[in-house]
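The values are calculated or read from the model by the stated rules, or taken from the named source; none is laboratory data. Computed from a prediction, not measured in an experiment: that's the story for all the values here. Ideal geometry is used to build each Cβ from the backbone, glycine not excepted, and the neighbour counts take in all protein chains shown.
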Amino acid sequence: MEKHQDVSYISFAFPGLENIRCAFQTRPGGVSSGPFGGGNIAFNTGDDPASVTANRASLRRVLGLTAVAELEQIHGDRLIFEPEPIPPEAAPSVQGDGLAASRRGIALLVRTADCQPLLLAHKNGGHIAALHVGWRGNRCSFPISGVRWFCQRYGLDPADVLAVRGPSLSPAKAEFINFDREWGPSFRRWFEPESRTMDLWGLTKAQLLEAGLPERQIYSLDLCTAENSELFFSYRTKKTCGRQANLIWITHQP
C-alpha cells in the first residue's frame, strides 16, 4: 500500500500566550489527488470523501487534537459561541463564519482557499475566536463586528485582544473588475484603479484598529495563496481546488 505523508502546517504563537496555539495548514501532504492534490479538508469541493476524511484525521493527529469545531461557511458575519465539536468524517452543518470559545482542548477551525483566516485571542489566555473573512466579510465589516461580539459575550476589552491573519490573497492578486458594484465609494481607499486590485490585508488591519485592537497586537503571515499555489490551495488560481484549515485552541487553562 502506498504510504502518504501527514498534512503539513505552519505554527504561530502569540507572544506571551503560552497556552494558546495557532496552526495554518499548507497544501503538501495528505492523500488527495488531482486538483485537490495534497491535504484538502473540505467535503464540499468534489474531492473523494474518504480522502477528505483521511486528511482531516491526519490534521488532528499531527496537531494532537481530539476535538475540532467548524461551520458551514456562508461568507457572512454570523459568530457562533461555544460550538460543539464534530468528528473528522462529518461535514459541518451549523452555518456561520466565526467561532468563539472559552473551553480548553477544542480547536476552532475555518477553511480557506484565498479568503483571510483571522484568529483572535484575549490576553488572559482563556478566550479565543476564529473568523473566516472573505471579501464579503470585509465588505460587511466582520472583523469589527466579530471583535465586538466576542468582547461583549465574554466581558472583554478590545484593547486586550490579539489577532493574527493567516495566508490569503495578497493586494497584488485581489482583482475586482466591478469595484463600484461590489464595493462602493466607502472602500475606494483600498482600491488601486490601474491594477483593479484591493488591499484586503490593509483593509482588515484598518478594521481591527477600528474595532479597538492596538496596532502592536495585530500580527500577520504575509503569504499570498495565489502566488504560492504549490503551498496553498487558491480558488483564484484554479476554481476547482481544495481548502486548507486554520485553527486556534487553548491547550490548558491559564
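The table for this structure:
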item	result
Residue match in region 87-95 (condition: more than 26 Å from GLU230 (Cα to Cα), in contact with a Lys or Arg (Cβ under 7 Å, 6 or more places away or on another chain) and touching a residue at least 12 places away in the same chain (Cβ under 8 Å))	yes
Matching residues in region 38-66 - criterion: being free of Cβ contacts under 8 Å to residues at least 24 places away in the same chain and in a loop (DSSP other than H, G, I, E, B)	ASP48, GLY64
Per-region count, region 193-225, residues surrounded by fewer than 16 Cβ atoms within 10 Å (Cβ to Cβ), over 18 Å from the mean Cα position of the chain (by Cα) and either assigned to a strand (DSSP E or B) or in contact (Cβ under 8 Å) with a residue 60 or more places away in the chain (or both)	2
Residue within region 158-174 that is over 22 Å from the mean Cα position of the chain (by Cα) and either modelled with pLDDT of 95 or more or charged (D, E, K, R) (or both) present	no
Residues satisfying the stated conditions in region 116-131, i.e. touching a helix residue (DSSP H, G or I) at 6+ places or on another chain (Cβ under 8 Å), among the hydrophobic types (A, V, I, L, M, F, W, C) and farther than 15 Å from LEU71 by Cα	LEU120
Residue that is farthest from ALA129 (Cα to Cα) [pool: residues in region 19-36 that are in contact (Cβ under 8 Å) with a residue 40 or more places away in the chain, outside any strand (DSSP E or B) and not hydrophobic (A, V, I, L, M, F, W, C)]	PRO35
VAL68 vs. criteria touching a Lys or Arg at 6+ places or on another chain (Cβ under 7 Å), at pLDDT 95 or above and over 24 Å from CYS224 (Cβ atoms)	yes
Unmet criterion (only one of (1) more than 17 Å from LEU200 (Cα to Cα); (2) crowded, with 24+ Cβ neighbours inside 10 Å) for LEU162	(2)
Unique residue being in contact with a Lys or Arg (Cβ under 6 Å, 6 or more places away or on another chain) and not in a helix (DSSP H, G or I) when the list is ILE248, ILE177	ILE177
Set LEU108, LEU118: member being in contact with a Ser or Thr (Cβ under 9 Å, 6 or more places away or on another chain) and either surrounded by 23 or more Cβ atoms within 10 Å (Cβ to Cβ) or of a type in the set (Val, Ile, Thr) (or both)	LEU118
Filter result for the condition that a residue is over 17 Å from the mean Cα position of the chain (by Cα), at pLDDT 95 or above, of a type outside the set (Val, Ile, Thr) and on the phi > 0 side of the Ramachandran plot, over GLY155, GLY184	GLY155
Condition met for ILE10 (part of a loop (DSSP other than H, G, I, E, B) and β-branched (Val, Ile, Thr))	no
